[in-house]
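First up is the structure itself, then whatever we jot down about it.
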Amino acid sequence: MNFFKRLFKIGEAEAHSAIDKMEDPIKMTEQGIRDMKIDLAKGLEALAQVKAMAIRSKNDTEEFAAKAEDYQQKAMLILKKAQGGGLDATEADRLAKEALVKKEEALQNVTRSKGETEKFDTSVSQLEKNIQEIKQNISKWENELKTLKARVKVSTATKNVNKQMAEIDSSSTVSMLERMKDKVNQEEALAEAYGDIANTSKSIDDELDKAVDAKETNAEDDLAKLKEQLGLTDKKE
């Protein structure tokens, strides 16, 4: 069918070029589905029209068959009436003959209508088959379109993640973290160095005072001198 040819011209250069971009196959498939739905609508309309003609042809066949039977009965009744004396024999023959002619015309119409009905029925079957095929393909390609759109989303997300991973270099976040780590290590070492300098800058007096409590020694001497002034010196000494 023409719409399949329009949809599946993948072998042509233009289609190959379009496939290179993920958006184009989606647009092509969407357009193909729209075309198939248009064809489906046309097919359903044609099917309805052909079915209507098939029904009408069948009704015509039954009507012509009924007329043929009616002319047959009329011819028989006319002959019987003439036989009973109710009608002139010559006139009866003429009328019966006319009835039989009409019967033959009706039978010919029956044959013609039957042939038309068969053709219409064949067309209906073919149209129904085509419509069913279009419906199946619409359903198939709508599912394919959903899958394709999902694949595009996944591939786009994967591409973005991989691109970010590929861009991790000396100027990336990882390198920045490494430089921050080096800076922290340097600051910690500098703090430790300042601590060592503070400890080595203490005077010898500070070290002596730390070793001997000078305040306590001075207090003992002052107490002894005060006792001596007050005459409270221990006489045993």
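The values are calculated or read from the model by the stated rules, or taken from the named source; none is laboratory data. These figures come from a predicted structure and were not determined experimentally. We place every Cβ from the backbone using ideal geometry, glycine too, and count neighbours over all the protein chains shown.
GLN49: surrounded by fewer than 17 Cβ atoms within 10 Å (Cβ to Cβ), within 19 Å of GLU105 (Cα to Cα) and either among the polar types (S, T, N, Q) or within 60 Å of the chain's Cα centre (by Cα) (or both), yes or no? Break it down stepwise before answering.
On the way: surrounded by fewer than 17 Cβ atoms within 10 Å (Cβ to Cβ): yes; within 19 Å of GLU105 (Cα to Cα): no; either among the polar types (S, T, N, Q) or within 60 Å of the chain's Cα centre (by Cα) (or both): yes.
No, not satisfied.
Among the residues of the range 151-164, is there at least one that is at pLDDT below 75 and exposed (fewer than 10 other Cβ atoms within 10 Å of the Cβ)?
Within the range 151-164 (the criterion being at pLDDT below 75 and exposed (fewer than 10 other Cβ atoms within 10 Å of the Cβ)), the answer is no, since none of the residues qualifies.
Out of curiosity, is LYS9 part of a loop (DSSP other than H, G, I, E, B), at pLDDT below 85 and over 30 Å from LYS129 (Cβ atoms)?
no
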